Amino acid sequence: MRTPLVIANWKMFGTLAEARPLATGVRDGLKRFKGVDVVLCPPYTALMAVGEILQGTPIGLGAQNCHYEASGAHTGEIAPPMLVELGCRSVLIGHSERRREMGETDELVNRKVHGALAHGLTPVLCVGETAEERRQGLTFTTVEGQLRAGLAGLDAAAVGRLVVAYEPVWAIGTGVNATPQQAAEVHGYVRGLVSELASKEVAQGLRVLYGGSVKADSADALLAESEIDGALVGGASLNAQGFVSIVKKAARGAATRGE
Ligand code: PEP
């Protein structure tokens, strides 16, 4: 069965003075807690400090982005081996804020997926439609395009090393989350497409997370859906207690579903 996964995306929040107590709060809140994989993605500047705090715990360290090359003349960029050296095991790729604000295209996202995999990082490939696309009935078309492009050139085994995060753009940071049914419908679609693009086995093992205004009080219903394998949490991950409570709900969701 798929172990639930909850990832904290701190975005551009967290000076060292803020990141250290936040990571410590999550670590202490999850002491002796089992049944859910947890990853914290602080800003680059806090990776080392947060990594030290998480050392010896099962909580993983992840980055919010990476370049696709291992090194090179790319001022201001961070390469996958640099993340690995700091203890990162995962990296968010294609977050809608990067697609929108930094002009990341599907092609660039695909190169980053390849670059991350080449260095042993788990890419968390983010996909999702805008409000306008949903209004126009283009949700599946958008998600299909992003997935096909993001996974291009990967064999089934490589696809099996990814995590996919369905993050409807209209739900990110808006306080309006997708309903459990809306999310489950897209997650089922993602799994069906991955089954076609890779294999049925890979699709069955693939963790598809939901992201978009997940809070402690909306997490129960979302995480009770069998298609939702966990959450990518932005704003609510900046509060240790709130985030810990979402992680615990992910465990309860899995238990309810008999996993
Ligand atoms: C995100 O940034 O991935 C996200 C889901 O943000 P929020 O939870 O704040 O909507």
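Every number in this text was worked out from the coordinates using simple rules, so none of it is lab data. Remember, predicted model here, so these are calculated numbers, not experimental data. Don't worry about glycine lacking a Cβ; one is built from the backbone with ideal geometry, like all the others, and counts go over all protein chains shown.
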Which number gives the lysine pairs in the chain that have C-alpha atoms under 25 Å apart and are eight or more places apart or on different chains? 14
Computed FRET value (nearest 0.05) for T130 with Q204, which takes r as the C-beta separation and R₀ as 25 Å: 0.25
Long-range amide H partners of L92 with built H, under 5 Å: A63, Q64, N65, V124
In whole Hz, the Karplus estimates of ³J(HN,Hα) for region 72-85 (6.51, -1.76, 1.60; θ = phi - 60°; x where Gly or Pro) are x, 7, 9, 3, x, 9, 10, 8, x, x, 5, 6, 4, 4
So what is the 222 nm mean residue ellipticity for the chain from helices alone, if each DSSP H run of at least 4 adds -39500 (n - 2.57) and you divide by all residues, rounding to the nearest 500 deg cm²/dmol? -13000 deg cm²/dmol
Dipole in debye (nearest 20) - region 129-259, about Cα centre, beta carbon charges: Lys, Arg +1; Asp, Glu -1: 320 debye
Give me the number: length gained by fully extending T24 to T45, i.e. 0.36 nm times residue separation minus the C-alpha to C-alpha distance, one decimal in nm. 5.9 nm
T105 to A156: extension gain in nm, 0.36 nm per residue of separation minus the Cα-Cα distance? 16.1 nm
Could you point to the residue in I7, V169, S195 farthest towards the positive end of the chain's charge dipole, with +1 and -1 charges on the Cβ of Lys/Arg and Asp/Glu respectively? I7
